[in-house]
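Accompanying notes for the structure given below.
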Amino acid sequence: MHAWLCETLDGIGAMRFQSLPMPEPQTGEVRIAIHAASLNFPDLLIVEGKYQMKPPLPFVPGSEYAGVIDAVGAGVQHLKVGQPVAAISGTGGFGTHACVDASRVLPLPPDFAIEDGAAFAFTYGTSHHALVDRAQLQAGETVLVLGAAGGVGTAALQIAKAMGARVIAAASSDEKCALCTELGADATLNYSTQNVRETLKALTDGKGPDVVYDPVGGDLAEPVFRSIAWRGRYLVVGFAGGGIPALPWNLALLKGASVVGVFWGDFVKREPQASAAALTQLAQWYAQGLIKPVIDSRLPMSELPAAYARMGSRQVRGKLLLVNDSAGLHQD
Ligand SMILES: NC(=O)c1ccc[n+]([C@@H]2O[C@H](COP(=O)([O-])OP(=O)(O)OC[C@H]3O[C@@H](n4cnc5c(N)ncnc54)[C@H](OP(=O)(O)O)[C@@H]3O)[C@@H](O)[C@H]2O)c1
């Protein structure tokens, strides 16, 4: 097998796509022949030791991937060789094969494309937990999605539309805003060129958005929070912009508004039944054509540094896939 091995926390530049012994699944594990993995923002942080989860070195990064089970360890009853599956395991996905605990494996329903499976649960799970569970979004409410052309952003846009909400999609370029319009956004806001407060006022008859979905953080947060509607819910999803905002608390008082934290990884661990129910609803929406991962581009697994550069420079629209060709899958 081949994989990208992180041996020091010096980033992607210090890593190589290298030949490794084929791992055997241990008790409770399965081995997956990986067809595709997708890049999530934490994959950038983890190889520099900047993510909250710090796996022991060396490790293979890659939080989300999908493929076909090619070996089953002792004690695993419900998964079989040949079954198409996705996995969310924190690490392991940027290679041709991975052994993973069976509890981290999601069998793919019939008609669920394997590439979509590699780019689904992380972003849609996060955005479903944020909008449905944490914000209690109602049909007819207005949602502002920041970073709306990115991974979790495109998922949030589609989920909010599936729930009957009105979506204002905000992004840093006209091209990204145009993509959001194609995906069904009711209005867009280019926060590089437009005044955030005035535009939000104009787009909501002065009321402000009921829910804000924020995976970006930084300097945008305060003007956006000042624009939120009465009883608004501001979802703290991430800080892709780098800065962790600090807000004057009087703003929450003045709007009767809530700052609501979103931590999907812990939600999955602490509330597995609720998480499974959310994934079931998402699979139904996928089958109905209401949601579908937006694929930015496909790169060979061997080109991971180019993928990291694309995400690190804000170019990714939707999800970037790393794919193994059939030759790669049979390397040993
Ligand atoms: N809380 C949770 O449970 C959870 C789960 C998953 C992800 N997250 C977090 O959500 C954030 C987004 O993740 P993602 O996988 O969707 O990433 P992504 O696809 O790269 O999207 C992030 C978006 O942030 C914006 N951005 C602003 N400044 C940026 C910068 N300096 N570098 C990169 N992007 C910048 C970009 O949009 P514009 O160019 O339009 O500004 C970009 O599209 C990350 O912080 C991630 O850790 C949190």
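The values are calculated or read from the model by the stated rules, or taken from the named source; none is laboratory data. Everything numeric here is computed off the predicted structure, so don't read it as measured data. Cβ sites come from the backbone with ideal geometry, for glycine too, and all protein chains shown count toward neighbours. With ligands, DNA and RNA removed, areas are computed over all heavy atoms of the protein, side chains included. Shrake-Rupley method; radii C 1.70, N 1.55, O 1.52, S 1.80 Å.
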Working only within region 218-227, note down all residues that are of a type outside the set (A, V, I, L, M) and either more than 9 Å from the ligand (Cβ to nearest atom) or surrounded by 16 or more Cβ atoms within 10 Å (Cβ to Cβ) (or both).
-> D219, E222, P223, F225, R226, S227
Would you point out the residue of region 228-278, among those that are of a type in the set (A, V, I, L, M) and surrounded by fewer than 15 Cβ atoms within 10 Å (Cβ to Cβ), that is nearest to R134 (Cα to Cα)?
-> A274
Which pairs have Cβ atoms under 8 Å, sit 6 or more apart or on different chains, and link a residue in region 125-139 that is within 13 Å of the ligand (Cβ to nearest atom) to one that is open to solvent by 60 Å² or more (accessible area, probe 1.4 Å)?
-> H128/Q281
Is there a residue being acidic (D, E) and away from the ligand (no atom under 14 Å from the Cβ) anywhere in region 39-52?
-> no
For region 306-332, name all the residues that are modelled with pLDDT of 95 or more, away from the ligand (no atom under 16 Å from the Cβ) and outside any loop (DSSP other than H, G, I, E, B).
-> V323
Residues in region 158-166: is at least one open to solvent by 40 Å² or more (accessible area, probe 1.4 Å), part of a helix (DSSP H, G or I) and within 13 Å of the ligand (Cβ to nearest atom)?
-> no
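Only one residue in L39, L106 is open to solvent by less than 20 Å² (accessible area, probe 1.4 Å), under 18 Å from the mean Cα position of the chain (by Cα) and touching a residue at least 24 places away in the same chain (Cβ under 8 Å). Which one? Walk me through how you get there before you give the answer.
Numbers: L106 fails: open to solvent by less than 20 Å² (accessible area, probe 1.4 Å).
From the options L39, L106, the qualifying one is L39.
Tell me, please, whether a residue that is aliphatic (A, V, I, L, M) and touching a strand residue (DSSP E or B) at 6+ places or on another chain (Cβ under 6 Å) can be found in region 263-283.
First, the residues of region 263-283 that are aliphatic (A, V, I, L, M): 268, 274, 276-279, 282-283.
Those left that are additionally touching a strand residue (DSSP E or B) at 6+ places or on another chain (Cβ under 6 Å): none.
Taking every residue of region 263-283 in turn, none turns out to be aliphatic (A, V, I, L, M) and touching a strand residue (DSSP E or B) at 6+ places or on another chain (Cβ under 6 Å).
Can you confirm whether region 134-146 contains a residue that is assigned to a helix (DSSP H, G or I), of a type in the set (D, E) and either at pLDDT 95 or above or within 26 Å of P42 (Cα to Cα) (or both)? It would help to see each step written out before you state the result.
First, the residues of region 134-146 that are assigned to a helix (DSSP H, G or I): 134.
Checking which are of a type in the set (D, E) leaves us with none.
No: zero hits.
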